[in-house]
Every structure is written in C-alpha cells, then in structure tokens.
Amino acid sequence: MAEKDFILKNYNKNFVGDKYSWSSPSNIALVKYWGKKEQQIPANPSISFTLDACKTTTTLTCSKKENNTDFSFEIFLDGEKKDDFKPKIQTFFERIEVYVPFLRDYHFIIDTKNTFPHSSGIASSASGMSALALCLMSVEEDVILDGDYSDEYFYKKASFLARLGSGSACRSIEGDLIVWGKHKEIPNSSDLFGVKYPFEVHENFKNYHDTILLVDKGEKQVSSTVGHNLMHDHPYAKQRFAQAHENLSKLVSIFKEGNLKSFIEIVESEALTLHGMMMTSMPYFILMKPNTLEIINKIWRFRQDTDLHICFTLDAGANVHILYPEKEAKEIYEFINNELVVYCQNGHYICDRIGFGAKKIS
Ligand code: DP6
C-alpha cells in the first residue's frame, strides 16, 4: 500500500462528534530504529516485542466546531492540563491532516494517562501516539461514507498515522512481534506501517519477560528526534543500516529454532551499537549512566555463572530492559530482585512481558 491509499476522501460533514477510548502498549525494539528520512521513513527496518503492562490510555472527546480554520485541542495528563505537550500534537496533526481531513472540523479533548510514571524515563511517545492514532481512527470509522473498511485497513492506517507521530509508535498497535521497515525477507513489510512478524516463532519466545530497571528517571539530555537526525552524515551510518537488515535476517531462523544464545547475541549487540552510534555522532553524547554499566556487567557475570538466558537491551536512555524466557523466570527474577534493584533510582523497576497490542475501551 502507498501513502495515497490512506487518504480519507469522502466523509460525513454533519457528524457532531463523540467520545472514544483506547489503551495502547509500549514496545521494546530488538533490532533498533535509529536514523530516519523525511516523513518519518526509517533508515533501516526494526523489530520489537509489544509490551503488556506499560501502556497509555487515551480518551478523545471530539465536538463539532463553528469555523474550521485552525486545529483546536487541549491535552490532559492524569487530569492535569499539559500545554507543553501541544507542539508535539500540533506537528502530529499537521503531518496527518492530509490523511484524516476532518481534524479542523472538531475541537478535541485528549485525556491521557500512563500505567508507568511520566517521569520514569520510559518513553511514552510509542504508547501515547499509538493510542491517539487509534482514537482518531475510531472517529474516521464514524464519519466514513464509503470505501473498504476492514479491520485490517483500520489497524494498518492506525499504525501509519502513529508512525507520523513517533516512529516507534507504529509498532505498538498490534502484537506480539512487529516489524517496521521494508526488509527483503519479510513479505509485506513496509516503511509506512508496522506488520505482524509472519513466520514461525518457537515456544521459547512465548510469554517472554521484560523487567525494566529504572536507572535514571530524569529528562533525557538528547531527544530521540535529535539523535535520529545525527545519523545523517554519520561516519558509520551505511554500515549500521546494513547491519540492521542482516540482524533481522538472522532473527528469522533464531525465532524458528528457539536459539536463545544467538538471540541474546543479536539483542545485546543491537543495544550497544545503538549507543555506539550516539557516542560516535557529531556532536557525540552518552545516555548510559554508571549504573547502566554496573547492571550490564552483573548480567554478564550471572549469565556466565548460571548459563541462564538473561540478556539486556537499551532504549535511547539509561534504563535497562532485562529480557528472559518464561521457563527461567523464577531464578532470573530472584537475581534481579536480590542484586540489581540497588542500581535503580529509588529501587524502582517495572515487571512487564510480551503483549498483544492495543484495546478499545467501551
Ligand atoms: C532507540 O520512535 O522515539 O527507541 O520517530 O523521532 O519519535 P521519533 O523517534 P522514536 O525513536 C525510538 C528509538 C529507539 C529504538 C526503537 O524503538 O526502535
């Protein structure tokens, strides 16, 4: 499908408005998206586990307004007005208006809450933008007059819109393994939206755990958007983008065979490469903290001593995601609880696991 297939052409201009709620999860990338082109097109394909517990619930109230000159919206987080979120939503609306042309016809109240604390250092853009995109798709469903309106189209367009809010958000609509970005071995993969990973996945990867250690809850010094842009003219960009394609290819047989050792190798290498790209950007920057490294070293030692399949990955921040299979969960959780919690800010961590995507709330 191309961009033009997502343009809503004919819609009911007399619709007065309604209220819609969606809850949408966060996701954790195994092969990382880092670097993008115009219009939120990724420089390389990525794949992620959809999460379950870390999610955003958004209620969108839309009411028909008199003039349709400007976008009109208010945003609330946990009931509190958040004008500092407005520029991001304004940019989102500008990018998606051509696809959802009813945006200027309504006043929108965006009421949102996260299951994780806003100041946890966990990015809320993936869950937040995907929840909002889904609410807007519910509006579209109510105003559309004709056209193909299957569930498949609904979710594809939701992912397409979410991408225009925040790239990784397009991987939060469905679950449990989502690919975003064109890859030669993944049929129907696209730079425009996320698709479900289409091949066999071994039992070892079912119900995979992700315990998120909150090392630093502060605001990041460098935003993802700035970091992505530093991949233009990056001396290692070409190699990095090629490596992401190769790593995704390797994961296909790893998922099929249930090869946890090779999985760990790719996932940890992806995390360190992501941070390697940051450290070799110009200007260069470091988002890891001393405790991020303490945790990584402890994980490596524990893995060597026990042969258990624990590994880490990182987002664009200092927090550590610890990934492990269901069948080893008890021992690994004990290790986390006894030995790693000391490295978390105020001892805070979040127990999550693989999930199956967003849900409409009636
Ligand atoms: C390191 O999706 O937050 O988490 O498209 O600019 O909003 P924008 O960036 P964003 O970048 C996420 C980067 C990452 C890797 C990943 O999730 O694939």
Failed criterion for Asp210 (all others in (1) among the charged types (D, E, K, R); (2) open to solvent by less than 10 Å² (accessible area, probe 1.4 Å); (3) in a helix (DSSP H, G or I) hold): (3)
Of all residues making up the stretch 89-119, the number that are part of a helix (DSSP H, G or I), modelled with pLDDT of 95 or more and of a type outside the set (S, T, N, Q): 9
Counted residues, the stretch 231-252 - those being of a type in the set (A, V, I, L, M), more than 12 Å from the ligand (Cβ to nearest atom) and more than 24 Å from Lys196 (Cα to Cα): 1
Residue within the stretch 326-344 that is at pLDDT below 95 and open to solvent by 20 Å² or more (accessible area, probe 1.4 Å) present: no
Considering residues of the stretch 28-41 that are in a strand (DSSP E or B) and open to solvent by 10 Å² or more (accessible area, probe 1.4 Å) only, the residue nearest to the ligand (Cβ to nearest atom): Lys36
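Condition check ((1) outside the structural domain of Glu38 (by TED's automatic domain parsing); (2) within 13 Å of the chain's Cα centre (by Cα); (3) touching a residue at least 24 places away in the same chain (Cβ under 8 Å)) across all residues:
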position: Lys65; (1), (2), (3): no, no, yes
position: Asp70; (1), (2), (3): no, no, yes
position: Ser124; (1), (2), (3): no, yes, yes
position: Ser130; (1), (2), (3): no, yes, yes
position: Glu152; (1), (2), (3): no, no, no
position: Lys156; (1), (2), (3): no, no, yes
position: Gly167; (1), (2), (3): no, yes, yes
Flag for Lys238 being out of contact with any Gly (no Cβ under 8 Å at 6 or more places or on another chain), under 22 Å from Phe285 (Cα atoms), outside any loop (DSSP other than H, G, I, E, B) and of a type in the set (Lys, Arg): yes
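Here is a yes/no grid of residues against (1) within 13 Å of the ligand (Cβ to nearest atom); (2) in a loop (DSSP other than H, G, I, E, B):
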| residue | (1), (2) |
| --- | --- |
| Tyr153 | no, no |
| Arg163 | yes, no |
| Ala169 | yes, no |
| Lys184 | no, yes |
| Ser189 | no, yes |
Unique residue being aliphatic (A, V, I, L, M) and in contact with a Gly (Cβ under 8 Å, 6 or more places away or on another chain) when the list is Val179, Val98: Val179
Filter pass, Val222 being in a helix (DSSP H, G or I) and modelled with pLDDT under 95: no
The lone exception for Arg95 - which of (1) touching a helix residue (DSSP H, G or I) at 6+ places or on another chain (Cβ under 6 Å); (2) within 16 Å of the ligand (Cβ to nearest atom); (3) open to solvent by less than 10 Å² (accessible area, probe 1.4 Å); (4) of a type outside the set (Ser, Thr, Tyr) it fails: (3)
Checklist (1) in contact with a Phe, Trp or Tyr (Cβ under 8 Å, 6 or more places away or on another chain); (2) closer than 26 Å to His321 by Cβ applied to Phe102, failing item: (2)
Count - residues of the stretch 253-303 that are hydroxyl-bearing (Ser, Thr, Tyr), surrounded by 15 or more Cβ atoms within 10 Å (Cβ to Cβ) and under 17 Å from Gln221 (Cβ atoms): 2
Among residues of the stretch 68-85, those that are closer than 27 Å to Lys4 by Cα and not in a strand (DSSP E or B), counted: 4
Lone qualifier among Ser127, Ser172, Ser138, Ser159 - being among the polar types (S, T, N, Q), open to solvent by less than 20 Å² (accessible area, probe 1.4 Å) and more than 29 Å from Asn207 (Cβ to Cβ): Ser138
Filter result (open to solvent by 10 Å² or more (accessible area, probe 1.4 Å) and of a type in the set (A, V, I, L, M, F, W, C)) within the stretch 42-72: Ala43, Ala53, Phe71
Close pairs (7 angstrom Cβ cut-off, 6 or more residues apart or separate chains): within 19 Å of Phe205 (Cα to Cα) and within 16 Å of the ligand (Cβ to nearest atom) in the stretch 291-318, open to solvent by 30 Å² or more (accessible area, probe 1.4 Å) and among the small types (Gly, Ala, Ser) anywhere: none
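The values are calculated or read from the model by the stated rules, or taken from the named source; none is laboratory data. Because the structure is predicted, anything quoted here is derived from the model rather than measured. Every residue, glycine among them, receives a Cβ derived from its backbone with ideal geometry; neighbour counts consider all protein chains shown. Note: areas computed on protein heavy atoms with side chains; ligands, DNA, RNA excluded. Shrake-Rupley method; radii C 1.70, N 1.55, O 1.52, S 1.80 Å.
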